[in-house]
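Here is the structure we will look at, set down as structure tokens.
Just so you know, all these numbers are worked out from the coordinates, no wet-lab data involved. Because the structure is a prediction, the values reported are computed rather than measured. FYI the Cβ positions are ideal-geometry reconstructions off the backbone, even for glycines, and counts take in every protein chain you see.
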Amino acid sequence: MELKVKNGCPLHNFEPCKQLDCAWFTKLAGKNPQGGADVEEWGCAVTMMPLLLVAQTNAARGTQGAVESFRNRMVEQQDELLGLAKQGDIETKLIE
């Protein structure tokens with residue numbers, strides 16, 4: 001089944017798109033987050049929102065992974081420092 005997208009604007013009672021006469025008609029350039037292909041096209045910002053939300057979600061996942069790695073490393077270092085403090089050897093390690 002092939003779907004044909006109609007060129008009706010939801011902001012103007014589904015009349016034909018005004019394209020460059022509309023402030024919502026913008027150029028999107030970058031990589032498609034779902035396939036990695038280069039994208040450079042003009043279109044309605046309203047219709048591009050799902051694609052932009054997918055890209056934002058992918059970026060948030062990358063940030064979450066980096067924060068989790070940083071947190072894990074900080075916990076390891078804190079445990080090591082507490083272990084040295086319990087041994088009374090902390091001054092020697094800090095000087096090295």
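Using only Cα atoms, find the angle between the long axis of helix 45-87 and the longest principal axis of the chain, and express it within 0 to 90 degrees, rounded to the nearest 10.
For helix 45-87, the angle is close to 0 degrees.
Roughly speaking, what is the stretch gain from Lys31 to Lys86, that is 0.36 nm per residue apart minus the C-alpha to C-alpha distance, in nm to one decimal?
14.6 nm
Only helical DSSP H runs with n ≥ 4 go in: add -39500 (n - 2.57) per run for the chain, normalise by residue count and round the 222 nm mean residue ellipticity to 500 deg cm²/dmol.
-18000 deg cm²/dmol
I'd like the chymotrypsin sites (Phe, Trp or Tyr not before Pro) in the range 6-96 restricted to DSSP loop residues with at most 13 other Cβ atoms within 10 Å, sorted by number.
Passing both the DSSP loop test and the Cβ count: Phe14.
Over the Cα atoms of the chain, each weighted equally, I'd like the Debye log10 I(q)/I(0) at q = 0.17, 0.25 Å⁻¹, rounded to two decimals.
-0.90, -1.24
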